[in-house]
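First comes the structure, then the notes that go with it.
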Amino acid sequence: MVSGLVGNPLSEAHLSRSKSAITAGFMDLAIGDDGRIRLPGIPAGLNIASYLPMVHQYASIMEANRILDGFRPQLSLAPASSPQDPLTPLHASKRLPNLYYKREDMTVTKAYKVRGALVGMAKLMAADEHQSFLAVSTGNHALGVLKAASLLSPKSVRIVIPNGTSSQKRTKIEEALRSLNQSGVRGELVCMGDSFDEARLWAQSQTEGEIYLDPYADPWVVAGQGTIGLELFRQVAPLLDDRHIEELVLIAPVGGGGLLTGTATALKMATAWDPRFRHINIRVVGLRLNRMDSALGDAIKVDQVAEVNQSLFEALNVTLLGL
């Protein structure tokens, strides 16, 4: 995750400012003759049909953030001064000015996927505390699901991986499964298909007695990834002091689109009503890395962005670049 000058939960100080900021914001809100909303913080405006899904997604992200608040110390490798601190730090580039990296490699699974896995599993278990889960992954989503299971203790977890999964990632998954089985949660590994998409299609057909937790199309998984955007909001805001910033660019890799959909929605909605961002354009860039020649990059080699995320990409005005 890269932010170029371009958060964690909203602080009480920010919430205390929200009433006056939102009141001032509504004074500037208007719907043009073309039916597009003129909203502070989103200069291009939005069609109402696109705006409402963003609001719904943002509400889900706020709920996801509340869920993560109960587990932040167990999920982060970064030192924290309070249980509500960001899971991961924002580090400045040593080579380029105004370039910052969100260090998602500093979660306990070394990837952002644990956020969505925990939130998705927690929401599903809220309805039935004895559920069995099925997840397909090439590594990071699996490790996130297994970590979530170790914290939430469902009945069982079955992980599906394609045959071409790197030996390094498979070893980590097998180690996590052994640990999970020792804790009393039944875990199983299945190899199926020659690609992620083939494994995913097979997993989606296996619905008997299990709940399928999709790595990028499940709405609560996407909301969990969106907590990165809330953390970025809080982490970027202090960087604006004494600087004249015209644009903030959010850059992230794109596979199925869950990471960028959640993060960009949270960042755009959180900044929309904050006066500090009133005259700053928020631009979102997604990097399609399908051609990357690396076994460790197989997680983003997905044929296409999930339909549910593609619709929000348009609302978020995402620029997709193929590398």
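Brief remarks on what is shown
- For residue 147, the lysines whose Cα falls under 19 Å of its own Cα, not counting residues fewer than eight places away in the same chain, are 110, 113, 123, 155, 169, 172.
- Accessible area of segment 131-203 belonging to carbon and sulfur atoms, whole % at 1.4 Å probe: 43 percent
- Residue-span extension gain [residue 247 to residue 91] - 0.36 nm each, minus C-alpha spacing: 54.3 nm
- Residue 105 exposes around 70 Å² of accessible area when a 1.4 Å probe is run over every protein chain in place.
- Packing rank of 167-175, 221-229, where each peptide gets the mean count of other beta carbons within 10 Å, highest leading: 221-229, 167-175
- In terms of packing, defined here as the mean over residues of other Cβ atoms within 10 angstrom, the peptides 119-129, 148-158 line up highest first as 148-158, 119-129.
- If the Kirkwood radius is taken over C-alpha pairs of segment 50-137, then at 4 °C and 1.567 mPa s the Stokes-Einstein diffusion coefficient equals 86 µm²/s.
- Tensor-based shape of segment 138-227 (alpha-carbon gyration tensor, a/c under 1.5 rounded, otherwise prolate or oblate): rounded
- Residue separation of residue 166 and residue 192 scaled by 0.36 nm, minus their Cα-Cα distance, works out to 8.0 nm of gained length.
- Ordering of 178-188, 310-320 by packing is 310-320, 178-188, highest average first (other Cβ atoms within 10 Å, averaged per residue).
- Segment 129-182 and segment 210-279 have Cα centres separated by 26 Å.
The values are calculated or read from the model by the stated rules, or taken from the named source; none is laboratory data. All figures in this text were calculated on a predicted structure; none of them were measured in a lab. Heads up, the Cβs are rebuilt from the backbone with ideal geometry, glycines too, and the neighbour counts pull from every protein chain shown. Note: accessible area is taken over every heavy atom of the protein model, side chains too, but ligands, DNA and RNA are not part of it. Shrake-Rupley method; radii C 1.70, N 1.55, O 1.52, S 1.80 Å.
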